[in-house]
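A short reminder: the numbers here are calculations on the coordinates, not readings from a lab. Here the structure is a predicted model, which means the values were calculated and not measured. Reconstructed Cβ throughout: ideal geometry from the backbone, glycine too, with neighbour counts over all protein chains shown.
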Amino acid sequence: MTTPCAGTVPIEVVPTGFALGAEIRGIDARKPPPPEAAEALREAWKQHLVLLFRGQTGLSDKELIAFTQVFGPLQEAPNSDVTAGFGSFADVPPEVTIISNIEVDGRPIGALGAGEADWHTDMSFIEEPPAGSCLYAIEVPPSGGNTSFTNMHRALDTLDAETAATVKDARCVHDLSLTSTGSRRQGIPEVADVRETPGARHPVLRTHPDTGRKALFLGRRRNAWLVGFEVGESERLLDRLWSHAADEAHVWEHRWREGDIVLWDNRAVMHRRDPFDPATRRLMHRTQVKGGRPY
Ligand code: SIN
């Protein structure tokens with residue numbers, strides 16, 4: 001589909017052919033898009049939930065921040081007492097989170113290393129998690145490190161009626177103790193009983209504020225608990241919800257190239273990342289679009 005924009009190169013929206021995602025052609029992220037193009041981009045984001053922009057090499061943090069602002073005001077990563085063990089340890093603006101396995105003087109410059117990152121929603125352990133995340137690939141390894149996305153609108157629409165009815169009004173704890181690669185955040189004790197998991201308690205079914213569509217909102221599996229449910233029943237329901245949400249029918253996998261920008265909607269998408277050879281380098285800069293309290 002091509003969206004003509006007066007006085008500019010038309011934007012081309014090329015759906016991935018999977019359950020979500022589209023590549024956007026005709027955008028130079030260094031230049032602020034004119035209002036018609038910016039509107040077309042926001043519409044494409046609403047419709048496809050994940051947008052890919054190829055060939056954006058050489059973007060500065062300032063340009064990445066300005067580009068992300070097309071989709072809304074920015075949200076900084078939460079402060080270090082919550083995210084110790086996750087965050088930016090190099091000299092970047094507070095809006096930018098470094099995701100990398102690179103070490104300088106024996107110290108990681110970013111978060112998540114080279115391991116597998118489980119399915120999750122970014123920062124869902126806080127009360128008002130970001131609406132979106134924008135990940136910019138500066139260096140990519142020769143293999144591995146692919147990122148997959150799953151469409152949580154579809155996951156809910158295709159969930160069996162009995163499970164959907166059981167969790168309709170439930171809330172779930174989104175664990176803040178572990179990162180998506182399983183490392184424990186500094187100063188947060190190990191969770192011994194999921195009923196005491198630290199982190200925000202969000203509705204399992206949330207409403208997308210821009211489209212009114214409902215989506216499953218699960219956040220992270222480990223240490224999750226459906227508030228008020230007996231632990232065994234909560235585990236059974238969560239296993240059912242997670243295996244359904246991660247079903248490949250709802251998933252699109254992205255293989256990175258340097259210069260890619262991928263923007264995803266945390267209100268309707270979860271993502272995961274493949275591991276890669278730690279002897280190779282992967283460097284990504286991430287910004288977050290500000291979100292509100294899920295409802
Ligand atoms: C993230 O979870 O935000 C990072 C995903 C990735 O490294 O591909």
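Some values worked out for this structure:
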{"item": "Count, lysine Cα pairs under 25 Å in the chain, 8 or more residues apart or across chains", "result": "10"}
{"item": "174, 202, 254, 244 arranged by Cβ crowding within 10 Å, fewest neighbours leading", "result": "244, 254, 202, 174"}
{"item": "Listed residue (111, 152, 93) projecting farthest to the positive dipole end of segment 81-215, Cβ model", "result": "152"}
{"item": "Local net charge near residue 202, Cβ-Cβ under 15 Å (Lys/Arg +1, Asp/Glu -1)", "result": "+4"}
{"item": "Around residue 250: net Lys/Arg minus Asp/Glu count, Cβ-Cβ under 11 Å", "result": "-2"}
{"item": "Whole-Hz ³J(HN,Hα) from phi, Karplus 6.51 cos²θ - 1.76 cosθ + 1.60, for segment 58-64, glycine and proline x", "result": "x, 5, 7, 4, 4, 5, 5"}
{"item": "Stokes-Einstein D in µm²/s, Kirkwood radius over Cα pairs - segment 2-289 at 4 °C with 1.567 mPa s viscosity", "result": "67"}
{"item": "Mean Cβ neighbour count within 10 Å, used as a protection proxy, ranking 151-157, 235-241 highest first", "result": "151-157, 235-241"}
{"item": "Sorted by Cβ density within 10 Å, fewest first, the residues 27, 102", "result": "102, 27"}
{"item": "Nearest-0.05 FRET efficiency for residue 165 and residue 258, computed from C-beta distance (R0 45 Å)", "result": "0.45"}
{"item": "Residues with amide H under 5 Å from that of residue 254, placed H, sequence gap 5 or more", "result": "147, 148, 149"}
{"item": "3J(HN,Hα) from dihedral phi, segment 147-154, Karplus parametrisation 6.51/-1.76/1.60, rounded to Hz, x for glycine, proline", "result": "10, 10, 10, 10, 8, 7, 5, 4"}
{"item": "Expected-Rg normalisation [2.2 N^0.38 Å, Cα atoms] applied to segment 147-215", "result": "1.35"}
{"item": "Chain lengthening between residue 290 and residue 158 when straightened (0.36 nm per residue, less Cα-Cα)", "result": "44.6 nm"}
{"item": "Sites residue 240 and residue 104, calculated FRET efficiency, Cβ-Cβ separation with R0 30 Å, nearest 0.05", "result": "0.10"}
{"item": "Structure-based [θ]222 nm, the chain - -39500 (n - 2.57) summed over DSSP H runs of at least 4, per residue, nearest 500", "result": "-5000 deg cm²/dmol"}
{"item": "Net charge contributed by nearby residues that have their C-beta within less than 13 Å of residue 138 (K/R +1, D/E -1)", "result": "-1"}
